[in-house]
Amino acid sequence: MSGVAIEAHELTRRFGAFTAVDRITFDVRAGEVFGFLGANGAGKTTAIRMLTGLLRPTSGRATVAGHDVAAATELVKRHIGYMSQRFSLYEDLTIRENITLYGGIYDLSDRDISERTARLLARLGLGHAADRFVRTLPLGWRQKLALSVALLHEPRVVFLDEPTSGVDPITRRQFWELIYEAAARGTTVLVTTHYLDEAEYCDRVSIMVGGRIAALGAPGDLKRQFHTRSIDDLFVQLARP
Amino acid sequence: MRALAGLLRKEVYHILRDRRTLVVIIFLPIVQVILFGYAIRNDVSHVRLAVVDPAPDEATLAMRGRFEGTGVFRIVAVVPRARDLEDLFQRGEAQGAVVFEPNTAAHPDRGVLVISDATEPNTGSLVTAYALSVLQTYERDRPATAAGVRIVPAVRMRFNPTRESSNLFVPGLMAFILTIVSSLMTAISLTREKETGTMEALLVSPLRPWQIIAGKVAPYIAVGFISVVGVIAEARLIFHVPLRGSLLLLLVEGLLFIVVSLSLGILISARTSSQRVAMMGALAGTLLPTMLLSGFIFPIESLPAPLRALSAAMPARWFVLVIRGVMLKGIGLTYLWPPTLILLAMAAALLAASTRAFHERLDA
């Protein structure tokens, strides 16, 4: 698919008097790795919840994979993958059972499931552990597995909400390799993170402050535009009240 | 459909692999029935009886013999003066006493005083009733030629002739167990998915809310159903509780009650976000009311009016009515359609409410 994968226009969400997301407008191109940055409480998670159909926008509109998130939620859900900061696999199921479960939920055929399971296990080097319970895996492996499972049905867009929190630097690097591989296959990636070095890995980033997008662009352009040495400095400059 | 089958399989794995919970689900009903069957009884036995007999004669000895002969009473002390009783009661050595007047054989009209320790009112009144019945039997059997006025105590109590309190508690126990298995387990398993974050993964998937709910609760319907069958079997085999009505009707009504309880569990889980709170909610919201207000332990008629009104809102109350009807009275839908309809209405309302609560939560 070419063109625009995510399109948000004046997207807003209010909880009572509090405006969590305030008229954000942005596009994400197909196949792009888009970084969604912001301090805690800046509105990232709320924005993602709206884009994934978990939360209804108060006003404004957004399309994901060409479908309106409010009007065609069911269609949107078919074309997206999602991995939250909290771990999303079942710890008391084996690796293989988890993969099979999610394959079934996304309506893959048995043949697809077994083919993709084999490919996924080989890629992660987990072939020998397929029948181990997920709870026995180290956190880093679980996160990589969770990402691979979120990509199992080859979604057009995948949302990753702080997928690398609590993970060691080496595993984070391997995690990002998986993200690039998905992007190379044409999957659009929207990723939120606290690690600002990770922002440099993104094609473009947006920085949210107080529910609004304060800066948006390629990391290099943003640094030139705001005369900062790193995204880290830029982030502090924008987020500081 | 494949997605739903996968969800169901997953839930079965959860149940089978959580050994501790599985053991609780399976053994709880069995242990409860045994406990309630043997320990919590409304009938009394081995009552410690003191006798005040200042001048034993043939009449008082005959009556004492009758007390011992019943098997209910055990005479622990025979004392000459009524004031000796005080000490026996204080120390709890006697639960009841029979006080004879001197020369009872010649003057039966002097009467017999029956005293009981009413610190536990139920036991107290039971002891009194038993004692009176012993005296009445003696009176009735006395040769008509004997002189004197008959002592006919005015107190009357209808006995459960075989004194089987198991007949009373088993139906209530079934409601109790189903409530535990259905609402508690459902609430816990749903909130666990919220806690671990897997619920979000399911919610962003193309699964419909009803599929998620069905996949979560269907296995617990099966577990609840197994419990019902287990309790009925145990009641029949160990406690010989009669099953006078239709077994099929009983099972269908059991299923209906399971659906009601499950929906309550879903409702509770929709309002809570941690397993601990869900457990408290299920305990306070379903188990205690089931114990106290369903007529399981305390007769509904003896509740104060506001609680009596509240008990009408308890699904368990109607279910207990149905089980007692089917098991003990052997009646069918001809008589039981009103409680059945009420349960059906409750199931429909609660299912609708819980599905809606599930939807609304997405927007919170």
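A quick yes/no check of all residues on (1) at pLDDT 85 or above; (2) within 14 Å of another protein chain (Cβ to nearest Cβ); (3) within 19 Å of B:T128 (Cα to Cα):
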| position | (1), (2), (3) |
| --- | --- |
| B:A5 | yes, yes, no |
| B:Q32 | no, no, no |
| B:R64 | yes, no, yes |
| B:G71 | no, no, yes |
| B:V76 | yes, no, yes |
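Can you name every residue in region A:114-166 that is outside any helix (DSSP H, G or I) and more than 30 Å from A:G3 (Cβ to Cβ)?
A:G125, A:L126, A:A130, A:D131, A:R132, A:F133, A:L137, A:P138, A:S165, A:G166, listed by residue number.
Under 8 Å between Cβ atoms, at least 6 apart or on separate chains: pull out the pairs that start in region A:41-61 with a residue that is more than 12 Å from every other protein chain (Cβ to nearest Cβ) and in contact (Cβ under 8 Å) with a residue 24 or more places away in the chain and end on any residue that is among the small types (G, A, S) and part of a helix (DSSP H, G or I).
Once the first residue is more than 12 Å from every other protein chain (Cβ to nearest Cβ) and in contact (Cβ under 8 Å) with a residue 24 or more places away in the chain and sits in region A:41-61, its partners that are among the small types (G, A, S) and part of a helix (DSSP H, G or I) give A:A42/A:A239.
Scan region A:66-96 residue by residue and report those that are facing another protein chain (nearest Cβ under 9 Å) and closer than 14 Å to A:S148 by Cα.
Those that are facing another protein chain (nearest Cβ under 9 Å) and closer than 14 Å to A:S148 by Cα: A:I80, A:G81, A:Y82, A:M83, A:S84, A:F87, A:S88, A:L89.
Part of a helix (DSSP H, G or I), under 21 Å from B:A316 (Cα atoms) and of a type outside the set (K, R), is that true of B:V277?
no
Would you please name the residue that is surrounded by the most Cβ atoms within 10 Å (Cβ to Cβ), looking only at residues in region B:59-102 that are part of a loop (DSSP other than H, G, I, E, B) and in contact with a Pro (Cβ under 9 Å, 6 or more places away or on another chain)?
The selected residue is B:E101.
Please verify whether region A:214-229 includes one or more residues that are assigned to a loop (DSSP other than H, G, I, E, B), on the phi < 0 side of the Ramachandran plot and at pLDDT below 90.
Yes - at least one qualifying residue is present in region A:214-229.
Scan region A:182-191 and give yes if some residue there is touching an Asp or Glu at 6+ places or on another chain (Cβ under 9 Å) and at pLDDT below 90, otherwise no.
no
Which condition from (1) within 14 Å of chain A (Cβ to nearest Cβ); (2) free of Cβ contacts under 8 Å to residues at least 60 places away in the same chain is the one that B:H14 breaks?
Unmet condition: (2).
Could you list all residues from region B:291-308 that are modelled with pLDDT of 80 or more and touching a Ser or Thr at 6+ places or on another chain (Cβ under 6 Å)?
Passing the criteria: only B:L293.
Looking at region B:264-289 only, could you name the residues that are under 21 Å from B:G172 (Cβ atoms) and touching a helix residue (DSSP H, G or I) at 6+ places or on another chain (Cβ under 7 Å)?
B:L264, B:G265, B:A282, B:G285, B:T286, B:L287
If I filter region A:190-241 down to residues being buried (at least 16 other Cβ atoms within 10 Å of the Cβ) and polar (S, T, N, Q), which single residue comes out as nearest to the chain's Cα centre (by Cα)?
A:T192
Picking from B:R244, B:R236, which residue would you name as being charged (D, E, K, R) and either touching a residue at least 40 places away in the same chain (Cβ under 8 Å) or assigned to a loop (DSSP other than H, G, I, E, B) (or both)?
Just one listed residue meets the conditions, B:R244.
From the residues in region B:195-218 that are at the interface with chain A (Cβ under 10 Å from one of its Cβ atoms) and of a type in the set (D, E, K, R), which one is surrounded by the fewest Cβ atoms within 10 Å (Cβ to Cβ)?
Ranking the candidates gives B:R208 first.
When residues of region A:66-83 are filtered for being more than 18 Å from A:V191 (Cβ to Cβ) and assigned to a strand (DSSP E or B), how many remain?
2
Among the residues of region A:93-103, write down those that are out of contact with any Gly (no Cβ under 9 Å at 6 or more places or on another chain) and either surrounded by fewer than 17 Cβ atoms within 10 Å (Cβ to Cβ) or in a helix (DSSP H, G or I) (or both).
Across region A:93-103, the qualifying residues are A:I95, A:R96, A:E97, A:N98, A:I99.
In the set B:G96, B:G111, which member is over 18 Å from B:P56 (Cβ atoms) and of a type outside the set (K, R)?
Within the list B:G96, B:G111, the selection yields B:G96.
The values are calculated or read from the model by the stated rules, or taken from the named source; none is laboratory data. Everything quoted here is computed from the prediction, not taken from an experiment. Because the Cβ atoms are built from the backbone with ideal geometry, glycine has one as well, and the counts that use them run over all protein chains shown.
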